[in-house]
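What follows draws every value from the coordinates through simple rules; no lab data is involved. Keep in mind the model is a prediction, meaning the values are calculated, not measured. Cβ atoms come from the backbone with ideal geometry, glycine included; neighbour counts cover every protein chain shown.
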Amino acid sequence: HHRRRETMKILGVKFKNLSALSGEWEIRFDQPPLADTGLFAIVGPNGSGKTTILDALSLALYGETPRMRNPESGIINWQSNDSYSEVTFAIGTHVYRSKWSGCKVAGRPEPPEMILADLNGTETVLEDRVIRVRDRVAELTGLDFKRFCRSILLAQGDFAAFLDALESERAEILERIIGPELIRELEGSIFTQVQAEETRLLELQDVASRHTSPDKDRTESLQESVENQQEELAQTQEILDELRVQEDWYQRMTLAESEQEGAAEVLVIAQAQHAQTEKDLRRLEEALPARSLCQDLGSFQNLEAEAQTAADQLHQLEASIQTLEAQSLELEERLRESRVATEEARHRLQERSEEIQGAWLRDRDIAVEEQQLAEVTARLEALERSQAENLQQQAEIGDRIAALRIRQQEIDQWLTANPGVARLENQVPVVEEIVNRLSDERHQLELARARKPEVVKAERVTGKGLRRAEKALQAVQRKVDKLVARKTKRERQLEELLADGTLDSLIADQRNRKRQLEACKQLIKIGQEYREQVIDEDLHEALARIQTEQERLTQLLAQEQAQLAQWEETARWRDTLKRLGPEREVLKVGGPCPLCGALDHPFVEKGLPEFETVDSQLREQRKKVTALRIQLSSLNASETQIRAQVGTLTAIHKAWAETCAQAGGEWPITGSEVVALEIGIRRKAIKQCKSRIRAARWRSWRLRRLNRALHKRSDRLSGKEQACEQSRNRHQMAAQTMAELEEELRELHQTEHAARELLAENFTSMEESLPPVGQEMDLLVLLRNRLQDYRNHLLERDAAAGQLSSLDAQQRTLPQDLEPLREQIKIVIEELAAGRNRLAALQAEREQVFGSFDPVRERQDLEQAIELHNAEQMALREEMETIRRTLREEHTALPEVGLQAENTRAAATEAEAKLLEQAIATGFGSLDELRSCVTWLEREDAIRGHHADTEKTLGEARLRAEATQRELEAMRAESLGGDSLELVRWKMAEAAKHRDSLQVRLRDAEAELRSLREEERDYRELQRAVTDQQKVCDHMRAEQRALQSRDPAAVARKLQRLMLERLLGRANSHLEALSGRYALRPVSEEGFGLQIEDVFQARDCRPVKTLSGGESFVVSLCLALGLSEMASDDRRIESLFLDEGFGTLDDEMLYRVMASLKKLRANGKMVGVISHVKRLGDEISTQIRVEKQPGGSSRISIVA
């Protein structure tokens, strides 16, 4: 049974010479490209043989095709005498192969043969006779031939005609599509299902009789307890929330104190960093004289770097020349060795040329003879295999004929021994109708008796429930009255607390007071800042004094700079005279100057002036200028600081005035003591206001909770009133039901007696005695089995006669084919012996001449060695030429690089001497000291930027320290009570314990309440299940009674209607998956009218005639898929083929249909579409193309 529900999938089909497809073809659906896509098209022109592929499937599995009754007479290609078709298919994980084969002798078809094999592990033949193969395939797949055609070869074209037909025509079309087999199975399944549903109803009633309804009083008591505990839990949670607010205030205070300490530490660090940048700035000022020598120092450093680079290049060039000369010698030696090896290989090849040619010719003759011998051997094996198959078929056919004749005799004997069974054809239906009616009536009687205790109990329970509901209503009314009185009292207390205002106005007044208090605190800080800025000296007088001193120093600096310029001019004049000293030595008194020809020159007779003190005076003058510049820079900084202080005081006065306006008062900037007194007064007022707000909030919250509780109680009161009325109505209905049940029991007893009397009359005519009460169905089953056994014997006798006729024809034909095969085998054996003798002679001749030597292999090795040596020599020559060219270039560049190194070193030495002379003249003792000062100058922007950053950081640190201090003071002013942090946390722990205890009790009560409600729900669901099952049984018995009618036409129409309903149910499941919009609905409870329900149009129904072409195709496809599932007995079929319907679709409808087919593929099905429509090829890229060829045949190709 489990195997019959496993998935069936066709893996591949292989056939030969079927219809127009001559030759051998194989299509694998489990291999790429077909397996990769899951959706493919079988395309080709009309008459090319597309449908023949589907014929090959059914032919291999069942020996039949949908288009041919006897396929062996018309399926074999007209140009061929033999054909076969085999299908590989899988049932779950098991793989099988079924094969059909047929042939023609003298133009007449022979009886076909079939083989079924198991391919799991090793190939094992399961059946080898046509009927047994057909039955075994049906057993494995759960599908006979007709079910297979309806399950895999979809009939969407027939359903398209079904949709377009008139309502009066649809019954006939539906029966033709579905087939009588499925309708007979439906008829049998209804009788079986009636018994199953009645058994299910009895089981449910038995379970329901053991369940009682839960106690209503206990449920209501638990509900009230849960509500009280929930209210107490909410109050405890509010207290816990208030305590958390106080704890949070303490935690924020700790954080604020930590931030204030951190801000103070940051301020100290910022002050230290600012002092360090001030020191760096002074060092930078001292390095300013080195600015004039920065360019010369840079030029000197560049010359030094160039000299070092030139020296490194010279050393690298000399080392490279030595390396290249050594490589050149090594390559010359390798070239000589390669030439010697090449000459040796060529000499060896020339000596063996004739011997190598002879061996190659003999090897070629031997290979030709071996090929011819292999072909003769293959022919002999094929002939021997055909002979063995012929003999085996003769033996098998003889066995099958003997078995069939024995079985015919057994069937004839059985029919002769049971002549009276044929009369049961007319008698069994009548008895069956009576027995079913009797069973139905007895079942109704049992159900009525089973219902009586329940009905009596229901009347008693509803009476008790009515009294309980009235009591609960009175209790809830008393509670509502108490809550109303409590609400009136609390509203009066809240009004007395708020006086004439509201809670919002009280909160707004408190916020305004807090803002004024913050402004007063800010005044204290502003006054403190003012006192810090005020000094004894008048800032304006100090600023004027500094400006006077700046003017004096500026004049003095200008005089000193003029004196410095004179000394610098004297130093330049001295340097010029020293430079012209050699020319002056050749001057003579009264003689012409050798440079300009002048006769008169100064200092010729008196000598040069005295210049010994020039350098010392120049250094002293530069120190004076530097000192004056430093004094002037200091005065500028002082002026900037004083101006900043004046601006700060102005801003403080402005801030004081603005803050006084915010605080709502006027105080002098020196009156901080008065402001401090005002702060104390306002803090006291804020504290009183806060206490009133807290009390008002508490009373408002309690009033809101009371209102919610009152609202809930009022709702419960309304619910109780409705429940009381419902209980009264249920009690009246229960009493009426009990009276109706008594009347029903009396009528059922009378009907049962009449049916049993009628049954006794029918059994008497069949020579059977009336069975005891309750055993009528057993006798009916026995009669059915006798009738079915008779029908099976008739069918088996007809099938055996047909098989005997076919097997006799095969037995006469096979011996005639055997003699030609034996003659051909004899001729081929002689050819094989002659070929072997020729091959042995050729091999012996070669062995005698050459032995085991292989001259051909030796020639290949020598030619390969010569080629390798030539390539090696060419590479060596190219590498030697490259090295020689590089050597010439480097020898040429060596003198030039050496000269460049000497020149750059001399220039660097000269620049160093000149720079040292200038540094000493400027006041530096050495070049290292000059470099140090230049380094400071290079960092000038960074130093000044860092100084500005530290000033900014210092200001920000001061502001942050002041802000954290103000925040800390503000939080201290917001103290929420006198409790310490430890006390608050202790209260929180106690409240949490109380809350947890309440939660545990509440969870237990809620769990018990849920359990009672679940019991009540289970009880209601069980009663509802009994009612629903009763409806199902009534419906099934109504269907059974309709099928027991004596009118055959009415029975047939009822079966068609039931089949239509089941088909629509399965089709709608596919239609929902493919379209997501439509569903098929019957127009009425009778007849075959259909309409379409449109989900997108508020489930409006319209006729099926309004469907477009593409929509009609999709609906037909879903009907065909539903029939496929019904025919396959709910087995999952993963291979589907569509053979019609695409030619009428426009482009848009074709696109929608393709989208639907792709959804089928996504659900795991392999879908093959057969069509001659060219547009289909554009939509489905993977195709099996069937193309016509000259001469009337066709060929198959697979493209992706």
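Indicate the gyration tensor shape class of segment 609-648 (rounded, prolate or oblate), computed on the Cα atoms with a ≥ b ≥ c the square roots of the eigenvalues: a/c under 1.5 is rounded; otherwise a/b larger than b/c is prolate and the rest oblate. Taking the square roots of the gyration eigenvalues as a ≥ b ≥ c, segment 609-648 is prolate.
Of all lysines in the structure, not one has an alpha carbon short of 19 Å from that of LYS624, not counting any fewer than 8 places away in one chain.
For a modelled paramagnetic label at ARG339, 7 Å from Cα along Cα-to-Cβ, the residues of segment 856-890 in reach, with backbone nitrogen under 17 Å, are 869-881.
When only the Cβ of Lys, Arg, Asp and Glu is charged (+1, +1, -1, -1), the dipole of segment 874-1003 relative to its Cα centre reaches about 1300 debye.
Under the convention that each Lys and Arg Cβ holds +1 and each Asp and Glu Cβ holds -1, the size of the dipole of segment 259-304 around its Cα centre is about 260 debye. Here the calculated FRET efficiency for GLN645 and GLN271, from their Cβ-Cβ distance with R0 = 22 Å, stands at 0.75, rounded to the nearest 0.05.
Subtracting the Cα-Cα distance of SER258 and ILE693 from 0.36 nm times their residue separation leaves 153.4 nm of extension gain.
Which pairs in the list LYS464/LYS489; LYS14/LYS1165; LYS521/LYS690 are over 29 Å apart, alpha-carbon to alpha-carbon? Beyond 29 Å between Cα atoms: LYS464/LYS489. Once the Cβ-Cβ distance of GLN555 and ALA921 is raised to the sixth power relative to R0 = 35 Å, the FRET efficiency obtained is 0.80. Of the trypsin sites (Lys or Arg not before Pro) in segment 308-407, the ones in a loop by DSSP (not H, G, I, E or B) with at most 16 other beta carbons within 10 Å are ARG352. An oblate overall shape is assigned to segment 885-949, the ratio a/c of its alpha-carbon gyration tensor axes (a ≥ b ≥ c) being 1.5 or greater and a/b not exceeding b/c. The modelled label-to-label distance for the pair SER638/ALA875, using points 7 Å beyond Cα in the direction of Cβ, is 8.8 nm. Rounded to the nearest 20 debye, the dipole size of segment 705-841 about its Cα centre is 1620 debye, using +1 on the Cβ of Lys and Arg and -1 on the Cβ of Asp and Glu. Cross-link reach is defined here as a Cα-Cα straight distance under 18 Å, omitting same-chain residues fewer than 8 places apart; for LYS684 the aspartates and glutamates meeting it are ASP509, GLU518, GLU673, GLU969, GLU974. The stretch between LEU717 and GLN350 holds 119.6 nm of extra length on full extension. This uses 0.36 nm per residue minus the Cα-Cα distance. Going by the alpha-carbon gyration tensor, a ≥ b ≥ c the square roots of its eigenvalues, is segment 802-884 rounded (a/c under 1.5) or, if a/c is not under 1.5, prolate (a/b greater than b/c) versus oblate? In terms of gyration-tensor shape, oblate. Report the Stokes-Einstein translational diffusion coefficient (µm² s⁻¹, integer) for segment 654-734, Rh taken as the Kirkwood radius over Cα pairs, at 37 °C with viscosity 0.692 mPa s. Roughly 176 µm²/s, to the nearest whole number. Spin-label model, LEU373 to ILE406: label points 7 Å out along the Cα-to-beta-carbon direction sit 5.1 nm apart. In summary, the lysines within cross-link reach of LYS712, defined as a Cα separation below 17 angstrom excluding same-chain residues under 8 places away, comprise LYS479, LYS482, LYS487, LYS720.
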